[in-house]
Amino acid sequence: MESKEGRFAVTKEVWHMLGTLVNTATVILGGLLGLLLGTRVPQRLRDTVMQGIGLCTLVIGALSAMDTASVLTLIICMVLGGFLGEGINIEKRLERLGSRAQALLVREQATGSLFVQGFMTASLLFCVGPMSIVGPLESGLSGNHATQVAKALMDGVAAIFLSAALGPGVLLSAAAVLAYQGAITLGASLLAPLLTSSVIVEMSAVGGVIIMGIGFTLTGVGKIRVGNMLPAIFLPIAYLPLVNWISTL
C-alpha cells in the first residue's frame, strides 16, 4: 500500500503505527535529555522536583477521576481490579522486569529501586488517559495521527522532567507505550465497538485514581501498590455493558 504522498510503498500496519512510533520516539528523546540535565542538578533539587511532580500527578489523577459518571462504577472496578492484581501479583512482576532491565542497562545497582519507580511511574502516566486510547484508535481506523502526535509532544516534555528526577527507568516506559498503544492500533477494528465514549471515560477515571496513587508515592506520603490495581483500568469494558444489559431485563 502506498502512503498518502503515493511515493513510498509501506504496509497498512506500518502507516497506522506511525503515531505510536512517534510517541515512543519522543519518550526516548525526552528521557535522554532529562538524564543529561539530571546529572547537572544537585540531588536536593532533584528531590524537590520529584515532589513537585508528585503533586502535579495528584492533580492530573484527580481531574481524570472526577470525570466519572458513576462513583459506584469507579469503586467496583477498583475493588475487583485490586483482587485480580493481587492474585496475579502484577507489582512484583513489574519490579522483576524493571530490575532485570536495570541490570542489563545500568551499571550502578544502588539506583535499582529508583529505576523501577521511574519505569512504573512513567509507564502509567503515558499509558493511562483518554488520549492513549482515542489516539491509537484513530490511527488504526483511519490513519489519522493528530491525537497521537499531540500526545507525543506532551509525553516528550513530561519525560524530560521525569527522567531528570527518577533516572533512566523512564526510558524503559517507551517500550510500554509501544506495546500498549501499538496493540490498540493494530486491534482497532476489533476494539472500536467495545471502547465506546462512556467506557473510555470510565477507564480514564479509574486510571486517574491509580495515577493519584503514584502521586502519593512520589511525594513520599506512602508506598501504594498501584501495579496491582492495573486490571481495574480494563474492567469498565466488561462492567458497563453488563450493567446496561441488566437494566434492560
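The values are calculated or read from the model by the stated rules, or taken from the named source; none is laboratory data. Since the structure is predicted, the reported quantities are computational estimates derived from the model, not experimental observations. For neighbour counting, all protein chains shown are included, and Cβ atoms are generated from backbone atoms with ideal geometry for every residue, glycine included.
Do we have any residue at all in segment 207-221 that's more than 13 Å from Leu58 (Cα to Cα) and touching a residue at least 40 places away in the same chain (Cβ under 8 Å)?
no
Only one residue in Ala188, Ala238 is touching a His at 6+ places or on another chain (Cβ under 9 Å) and of a type in the set (Gly, Ala, Ser). Which one?
Ala188
Within segment 40-65, how many residues turn out to be among the aliphatic types (A, V, I, L, M) and either over 27 Å from Ile210 (Cβ atoms) or surrounded by fewer than 16 Cβ atoms within 10 Å (Cβ to Cβ) (or both)?
Qualifying residue count, segment 40-65: 6.
Determine the pairs where a residue that is more than 23 Å from Pro231 (Cα to Cα), located within segment 85-107, has a partner that is modelled with pLDDT under 80 with Cβ atoms under 7 Å apart, the partner being 6 or more residues away or on another chain.
Gln102/Gly112
Name every residue in segment 149-170 that is crowded, with 24+ Cβ neighbours inside 10 Å and not small (Gly, Ala, Ser), in order of residue number.
Answer for segment 149-170, where residues must be crowded, with 24+ Cβ neighbours inside 10 Å and not small (Gly, Ala, Ser): Lys151, Asp155, Leu162, Leu166, Val170.
In segment 222-249, which residue that is free of Cβ contacts under 8 Å to residues at least 12 places away in the same chain and in a loop (DSSP other than H, G, I, E, B) is nearest to the chain's Cα centre (by Cα)?
Ile224
Identify the single condition in (1) at pLDDT 90 or above; (2) surrounded by fewer than 16 Cβ atoms within 10 Å (Cβ to Cβ); (3) closer than 24 Å to Gly34 by Cβ that Lys223 does not satisfy, given that it satisfies every other one.
Of the numbered conditions (1) at pLDDT 90 or above; (2) surrounded by fewer than 16 Cβ atoms within 10 Å (Cβ to Cβ); (3) closer than 24 Å to Gly34 by Cβ, the odd one out for Lys223 is (1).
May I ask you to say which residue of Leu235, Leu218 is at pLDDT 90 or above, on the phi < 0 side of the Ramachandran plot and touching a Gly at 6+ places or on another chain (Cβ under 6 Å)?
One residue alone meets the criteria, Leu235.
One line per residue, one yes/no per condition, for (1) under 12 Å from the mean Cα position of the chain (by Cα); (2) within 23 Å of Thr11 (Cα to Cα):
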| site | (1), (2) |
| --- | --- |
| Phe126 | yes, no |
| Ile133 | yes, yes |
| Pro136 | no, yes |
| Val149 | no, yes |
| Ile160 | no, no |
| Ala175 | yes, yes |
| Ala183 | no, yes |
| Ala188 | no, yes |
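So if I check each of Leu80, Leu29, Leu37, which one is under 23 Å from Ala164 (Cβ atoms), modelled with pLDDT of 90 or more and surrounded by fewer than 21 Cβ atoms within 10 Å (Cβ to Cβ)?
Step by step, each of Leu80, Leu29, Leu37 is checked, and only Leu29 is under 23 Å from Ala164 (Cβ atoms), modelled with pLDDT of 90 or more and surrounded by fewer than 21 Cβ atoms within 10 Å (Cβ to Cβ).
Hey, can you tell me all the residues within segment 179-199 that are surrounded by fewer than 18 Cβ atoms within 10 Å (Cβ to Cβ) and assigned to a helix (DSSP H, G or I)?
Ala179, Ala183, Leu186, Ser189, Leu190, Ser197, Ser198 - these are the residues of segment 179-199 that are surrounded by fewer than 18 Cβ atoms within 10 Å (Cβ to Cβ) and assigned to a helix (DSSP H, G or I).
Before we move on, is Val149 within 20 Å of Met212 (Cα to Cα), among the β-branched types (Val, Ile, Thr) and touching a Gly at 6+ places or on another chain (Cβ under 7 Å)?
no
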